[in-house]
């Protein structure tokens, strides 16, 4: 289930038009000087919710948007809006996987970059065969 969910969310992001370079977990990546994304999928503990032993598993797909420092927030904020809209368009990327909410966190500025976190909360409903 975890690989299937991660793959579906990664593919959904890559399918976005004009997507900037993306750093995926455990893959070599040289950050460019311009805007780029860093992603990570983080499942949480699943819950068995009925006597048929069916389970649902929640998680968070984290998309961190990195932009050059000292150039204002507009580029990162526009990308955050674009990502949110893209994931809202398809609320069920694969069967039994649902996008529940999309949130933005406070940005963090350093001398070299501007980071704007976006979290996409998902839930996978396991089927009981």
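The values are calculated or read from the model by the stated rules, or taken from the named source; none is laboratory data. Fair warning: this is a prediction, and the values are worked out from it, not measured in the lab. Glycine gets a Cβ as well: all are built from the backbone with ideal geometry, and neighbour counts include every protein chain shown.
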Residue pairs qualifying under the 6 Å Cβ cut-off, at least six apart or on distinct chains, with the first in the stretch 107-118 being free of Cβ contacts under 8 Å to residues at least 24 places away in the same chain and the second being crowded, with 17+ Cβ neighbours inside 10 Å and in a strand (DSSP E or B), are 108/115
**Asked** Does residue 100 satisfy being surrounded by fewer than 15 Cβ atoms within 10 Å (Cβ to Cβ) and in contact with a strand residue (DSSP E or B) (Cβ under 8 Å, 6 or more places away or on another chain)?
**Response** yes
Notebook entry, point to check: Before we move on, is residue 74 within 15 Å of residue 117 (Cα to Cα), exposed (fewer than 13 other Cβ atoms within 10 Å of the Cβ) and out of contact with any helix residue (DSSP H, G or I) (no Cβ under 6 Å at 6 or more places or on another chain)?
Noted result: yes
Note on residue 92: of the conditions (1) without any contact (Cβ under 8 Å) to a residue 40 or more places away in the chain; (2) farther than 13 Å from residue 120 by Cα; (3) more than 13 Å from the chain's Cα centre (by Cα), unmet is (2)
If you go through 34, 71, the only one that is out of contact with any strand residue (DSSP E or B) (no Cβ under 6 Å at 6 or more places or on another chain), in a loop (DSSP other than H, G, I, E, B) and at pLDDT below 95 is 71
In the stretch 75-90, is there at least one residue being modelled with pLDDT under 95 and in contact with a strand residue (DSSP E or B) (Cβ under 6 Å, 6 or more places away or on another chain)? yes
Going by the structure shown, is residue 87 surrounded by 12 or more Cβ atoms within 10 Å (Cβ to Cβ) and either touching a residue at least 60 places away in the same chain (Cβ under 8 Å) or not in a loop (DSSP other than H, G, I, E, B) (or both)? yes
Test for residue 74: is it within 11 Å of the chain's Cα centre (by Cα) and under 26 Å from residue 34 (Cβ atoms)
no
Counting only residues in the stretch 1-29 that are within 15 Å of residue 87 (Cβ to Cβ) and assigned to a loop (DSSP other than H, G, I, E, B), the one farthest from the chain's Cα centre (by Cα) is identified as 17
- Message: Suppose the filter is surrounded by 11 or more Cβ atoms within 10 Å (Cβ to Cβ), touching a helix residue (DSSP H, G or I) at 6+ places or on another chain (Cβ under 6 Å) and modelled with pLDDT of 95 or more; does residue 24 pass it?
- Response: no
